[in-house]
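Peer 1: Could you have a look at this structure, given as structure tokens, before my questions?
Please treat every number below as a calculation from the coordinates, not as lab data. Values in this document were obtained by computation on a predicted structure and should not be read as measured data. Ideal geometry is used to build each Cβ from the backbone, glycine not excepted, and the neighbour counts take in all protein chains shown.
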Amino acid sequence: MRVCVALLVVLALGACGRESATAPDATVLPDKVYQWKLVTTWPKNLPALGTAPERLAKEVELMSNGRLKIRVFGAGELVPAMEVFDAVSQGNAEMGHGAAYYWRGKLASAEFFATVPFGMNAQEMNGWLHYGGGLELWQEAYAPFNLIPLAAGNSGVQMAGWFNKEINSLEDLKGLKMRIPGLGGEVLKRAGGEPVTLPGGEIFTALQTGVIDATEWVGPYNDLALGLHTVAKYYYYPGWHEPGPTLEAIINKDAWESLPPDLQAMVKAAARTVNDDMLAEFTVRNASALKTLIYDHGVQVRRLPDDVIERLREVSAEVLAETGKVDPLTTRVYESYTAFAKSAREYHALSEQAYLEIRD
Ligand code: CA
């Protein structure tokens, strides 16, 4: 009997071997080299945000032993920053790296896949996306655009931004021209400000020439790299508007389906790697960049007043609830997001938050 089984196994293996030799699976061509273009919304090699897609490309090339080569383009090299979504959707590039909230004009639900004011932090976003149904909703939202999204980075809680005048009360927000994208901008508008959307590469000049009075960008590490401390006086916190934005890797669906399953798995693994790695990098480099800004450049760090934060929180709740009614899919995304956020907040009140309060 054992001999029979062994013989069957040998025959089966032999059959498999013959089958793959005579009729190879069309999706597995070990010698085929795929050459992809990856366009980004970031200036080329911008620390962390721009180096993440470079690392993703490198990881994929190493893991695939050169079978999938991805060439990374900075904003404006192949397409402008704000055309990344369309370029990948149309197949002019196979991949993109950016932030979902840049595409709010195309789909209202996109905001929730990046970050929303007073929303979830990085840890909670990763929980929602990977274990709470968030990624499935994101994939559904991007499917009509022929795109597959993956989480590919997170900056952690950002800073409120750089201001050329002090914010001492709600009055100081009136007429404030500030570069602040997404729902944060909408909240600022309702609180009396004038939000402006500009890609990273245009912020410095806009602040320097007085086209804007204030800007948010990321946090100390990236803000120092852009030199924002040389064109603004005050550095405010906390980043109420972006409490843990997820960055995205987007993939053209046709290009994705042309890959064999092992290369698809490598792209997913590389995205997950940079998703975790970026947060770790920001944790280290933001801390040291903040010291540089304060002690080497004399930057004045200020906390937003409580009444300003309270008003922004109230307006944010209104704006989120309205956004959640725009279309049926956005309603489902909003409901999933808010339910998960509530549950995470209840637990984190007793864990992360309670610990941060007692440790100092
Ligand atoms: Ca930002």
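Peer 1: Under the rule of -39500 (n - 2.57) per DSSP H run of 4 or more residues, summed and divided by the residues of the chain, what mean residue ellipticity at 222 nm is obtained, to the nearest 500 deg cm²/dmol?
Peer 2: Per the formula, -15000 deg cm²/dmol.
Peer 1: Counting residues in the chain as N, plug N into 2.2 N^0.38 Å and put the Cα Rg over that result.
Peer 2: Taking the Cα Rg and dividing by 2.2 N^0.38 Å, one obtains 1.12.
Peer 1: Students often get this wrong, so check it: of K106/K174; K69/K253; K37/K58; K174/K233; K106/K342; K268/K342, which have C-alpha atoms separated by over 21 Å?
Peer 2: Correct reply: K106/K174; K106/K342; K268/K342.
Peer 1: Taking the square root of 5 times each eigenvalue of the Cα gyration tensor, what semi-axes in Å does the equivalent ellipsoid of the stretch 69-155 have, largest first?
Peer 2: 23, 14, 13
Peer 1: Just the C-alpha atoms of the stretch 163-307: what Rg/Rh do they give, with Rh taken as the Kirkwood radius?
Peer 2: Answer for the stretch 163-307: 1.06.
Peer 1: Still on this structure: Volume per residue, Å³, of the convex hull around the alpha-carbon atoms of the stretch 224-274?
Peer 2: 133 Å³
Peer 1: Take each uninterrupted DSSP H stretch in the chain, measure its Cα extent along the helix axis, and return the ones at 15 Å or beyond whose mean Kyte-Doolittle hydropathy is at least -0.5.
Peer 2: Qualifying helices: 2-22, 51-63, 261-291, 306-323, 328-350.
Peer 1: Let me ask something else about it. Along the Cα→Cβ direction, 7 angstrom out, place labels at K325 and E61. What is the inter-label distance in nm?
Peer 2: Going from the K325 label point to the E61 one covers 5.1 nm.
Peer 1: Now for a different question. Run the simple label-point estimate for I294 and N92 please: 7 Å along Cα→C-beta, distance reported in nm.
Peer 2: It works out to 4.5 nm between the two label points.
Peer 1: In addition: Put +1 on the Cβ of every Lys and Arg and -1 on every Asp and Glu Cβ in the chain; which of A191, H297, G105 then has its Cα farthest towards the positive end of the dipole?
Peer 2: H297
Peer 1: Now for a different question. Please provide three numbers in whole Å: the alpha-carbon extents of the stretch 85-217 along the principal axes, with the largest listed first.
Peer 2: 43, 32, 22
Peer 1: Also, quick follow-up: Between V301 and D254, with labels modelled 7 Å along Cα→Cβ, what's the label distance in nm to one decimal, could you check?
Peer 2: Inter-label distance under the simple model: 5.0 nm.
Peer 1: For the chain, with a Gaussian network of springs between Cα atoms less than 10 Å apart, report the residue from G96, G132, G219 with the top mean-square fluctuation.
Peer 2: The residue with the greatest mean-square fluctuation here is G132.
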